[in-house]
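Comments concern the structure below.
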Amino acid sequence: MQGSLDMNLFWVAFWCYLAATVGASVYAGTRKAVVRSAVFAVTVVGLAANTAALIARSVASGHPPLSNLFEYLSFFAWAIVVGFLFIWRKKGLELLTVFAPTVAFAMMVIASLFPTEASRQLIPALQSYWLWVHVSLAILAEAAFAVAFVASLMCLIGDERGHRRLPDRELLDSIAYGAIGIGFPLFTVGALFAGAVWAQRAWGSPWSWDPKETSSLIVWLVYAIYLHVRRTRRGSIALTSGLSVLGFALTILTILGSRFLGGLHSYG
Amino acid sequence: MTVWIVAVLVLLAAVFIRGFRKWLSSMAGAIWILVALAVVAILGVMIGQNLPPEAYTERYGSVLGTFVHRAGLTGIFTSWYFLLLSAVLAVSLVACSLGRLRRIAAAGGRGRLSRVGSLLLHLSLVVILAGGLVTTIFGFKYPAPVYLSEGERMVVTEGGFTVRVDAAVTEFSDEGTVSEYYSDVTVLEGTEEVLSHRIEVNHPLVHNGVGLYQLEMLPSSTSVRELLFGISMRTEEGDAPLLTLPVPFNEEFEIPGTDVSLKVLEFLADFTYDIENRTASLASNSHRNPAVLVRVSEGGEFVADRWVFADVQSHRDDSGLPCRVFLLDYLPDFDRGITRFELSRQPGTPLLFFGFAAMSIGLFLTFWTRGARKEEA
């Protein structure tokens, strides 16, 4: 193989997640426990490669792997798999968790479309420990939103009476709610507060209505609406699930948006 | 800003009108306010804010672009309706918190921590909005960055001091990329030197409440380290093939194999020409339209001084010269760089950060304590 160690490992993780994605579809059709175990094994190998790739890149570049979209999305894929592994053994959610590598694979595909070069030199604006705090917390929050997204999507696909082939809607709904309950505080503190504190030091004001700032606020508002609707059980499961799916769609747009909308957050 | 104050007063009065007060403190009210904020924010990010008017006509066509600009959709986040909406949110938060307070007092120990957290969470959002309001009213931010060269001074009227740039330094890594830039400055009050400070990205100077924040350093706009010229000698058989030659700045340079010599007298990063005074000058410090003034001599005799542009589309006049000269590239001069500062006063920031801390604790208590799950059940 050619290329740097971290890129080789990235591609190992990429192909593992792809193989596990295929396995997940097979499982959805056959529901054979052995297939799910195989998916688990391949996903874990992929996760190990993903982890090693991130570490290798940090060592080679001398800074955390959070400085451009490629690094962000590979880290995001990693966090998504870890998020799903927390509920891997939960009863009744076998079909939900088996799609962990699918979401991670989607992120790896997007990651591979961006420039992958690692620069040893961080641009001066990013030379701060706030890079760690702000970006890594945002990634963890968004990974929790990803878990909620898959659960809510299954809620929307299943019908009112509870489709027998899908996990129980109430259970899926409570998983989505739980995940957003983890993601929302992390997102508020990491993406918004830590970002504002850093922006005050680096740019001279905590909030500039930069496209990424504004779209992060929109994401926050959508999940705030979700929580208010869900906490009081005002809306149907379809409504809350819809909000959760919308929230994650906007999250993805926020991640990729700086590429197209420009603004202060344009780091490639 | 005055709208803000009026709106808050009107709303406070309105709170005492029953139906509206009930709606404001209700969950339905909260949800609709959040939805309205989200819709406005989505509009804002989709339209793009505070761009020059041409950007909108370019993006949306002349009719829609002009409409978007005239309708005030290009400054949504400073518009009266957005501020009004924020004020409604603030009043709603206070109203529902009062209800919460009553419920906490009434309810016993079960899930109490989570309820207190929720109260803290909502009230701290009011503090955050108040912080933003304080900055909006009492703060300022210079509309454009300040450009200063080494040795230059600037009077900061708002802070009652003068800042002098002692050094503007850019450091490079082995890869040739910028690794760091910083400005060593001295603050003067009257004629007295009060303090010296190194301003770096992420390490601002804050004096008398006014902050100076380091932005990207620019290379000198009037000097370069070296130029890369394309030169083609004129012969009787026509133009000779193009030679690519590195030429020093401000030094006599003889083109090899000829008796023609060049000397770069001047460099302008953004060339502009004043027709009335017949002088060339700098339009800005950006390297937008680089040009050099070249003195051409032949056999030791002066031939002509000509401006040569990096932009091949620019007017070119090499009539009467023994050679054609093209400016291909140049090495920028960072030793005489120009530092750029963002200047602002954000008096609401302490309040804002206090709100952040309180809300973080509130979030933790609301979502991550045992009571949180119990309350739901």
Could you look through the range B:318-360, keep only residues that are of a type in the set (Gly, Ala, Ser) and surrounded by fewer than 17 Cβ atoms within 10 Å (Cβ to Cβ), and pick out the one that is farthest from residue B:298 (Cα to Cα)?
B:357
Given the conditions (1) within 11 Å of chain B (Cβ to nearest Cβ); (2) crowded, with 18+ Cβ neighbours inside 10 Å; (3) modelled with pLDDT under 95; (4) more than 30 Å from residue A:122 (Cβ to Cβ), and given that residue A:233 satisfies all but one, which numbered condition is not satisfied?
(2)
Hits in the range B:266-292 (condition: aromatic (Phe, Trp, Tyr) and in contact (Cβ under 8 Å) with a residue 12 or more places away in the chain)
B:267, B:271
Across the range B:136-155, which residue is surrounded by the fewest Cβ atoms within 10 Å (Cβ to Cβ) among those that are within 14 Å of another protein chain (Cβ to nearest Cβ) and within 15 Å of residue B:341 (Cβ to Cβ)?
B:143
Just to be sure, is residue A:185 assigned by TED's automatic domain parsing to the domain that holds residue A:137 and not in a helix (DSSP H, G or I)?
no
In the range B:89-114, anything touching a Gly at 6+ places or on another chain (Cβ under 9 Å) and assigned to a helix (DSSP H, G or I) is listed as B:92, B:95, B:96, B:112, B:113, B:114
Can we say residue B:279 is within 32 Å of the chain's Cα centre (by Cα), surrounded by 13 or more Cβ atoms within 10 Å (Cβ to Cβ), at negative phi and polar (S, T, N, Q)?
no
Only one of A:82, A:133 is β-branched (Val, Ile, Thr), touching a residue at least 40 places away in the same chain (Cβ under 8 Å) and away from chain B (no Cβ under 14 Å). Can you tell me which?
A:82
Complete set of residues in the range B:267-285 that are among the charged types (D, E, K, R) and closer than 20 Å to residue B:224 by Cα
B:270
Look at residue B:239 and say whether it is within 30 Å of residue A:121 (Cα to Cα) and not aliphatic (A, V, I, L, M).
no
Can you name every residue in the range B:209-228 that is under 30 Å from residue B:267 (Cα atoms) and within 14 Å of another protein chain (Cβ to nearest Cβ)?
B:212, B:213, B:214, B:215, B:216, B:217, B:218
For the range B:170-260, list the strands (runs of 3 or more DSSP E) that sit wholly inside it and hold at least 2 residues that are crowded, with 18+ Cβ neighbours inside 10 Å and in contact (Cβ under 8 Å) with a residue 60 or more places away in the chain; which are they?
B:178-189, B:210-218, B:224-235
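In the range B:156-208, which residues are of a type in the set (D, E, K, R) and away from every other protein chain (no Cβ under 14 Å)? Let's see the steps before the verdict.
Of the range B:156-208, the ones of a type in the set (D, E, K, R) are B:158, B:164, B:166, B:171, B:174-175, B:180, B:184, B:189, B:192-193, B:198, B:200.
Those that are of a type in the set (D, E, K, R) and away from every other protein chain (no Cβ under 14 Å): B:164, B:166, B:184, B:189, B:192, B:193.
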Any residue that is of a type in the set (Lys, Arg), over 18 Å from residue B:136 (Cβ atoms) and within 14 Å of chain A (Cβ to nearest Cβ) - is there at least one of those in the range B:16-39?
no
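Working carefully through the options A:128, A:112, find the one that is within 14 Å of another protein chain (Cβ to nearest Cβ), among the polar types (S, T, N, Q) and in contact (Cβ under 8 Å) with a residue 60 or more places away in the chain. Steps first, please.
Numbers: A:112 fails: within 14 Å of another protein chain (Cβ to nearest Cβ).
The match here is A:128.
The values are calculated or read from the model by the stated rules, or taken from the named source; none is laboratory data. Everything numeric here is computed off the predicted structure, so don't read it as measured data. For neighbour counting, all protein chains shown are included, and Cβ atoms are generated from backbone atoms with ideal geometry for every residue, glycine included.
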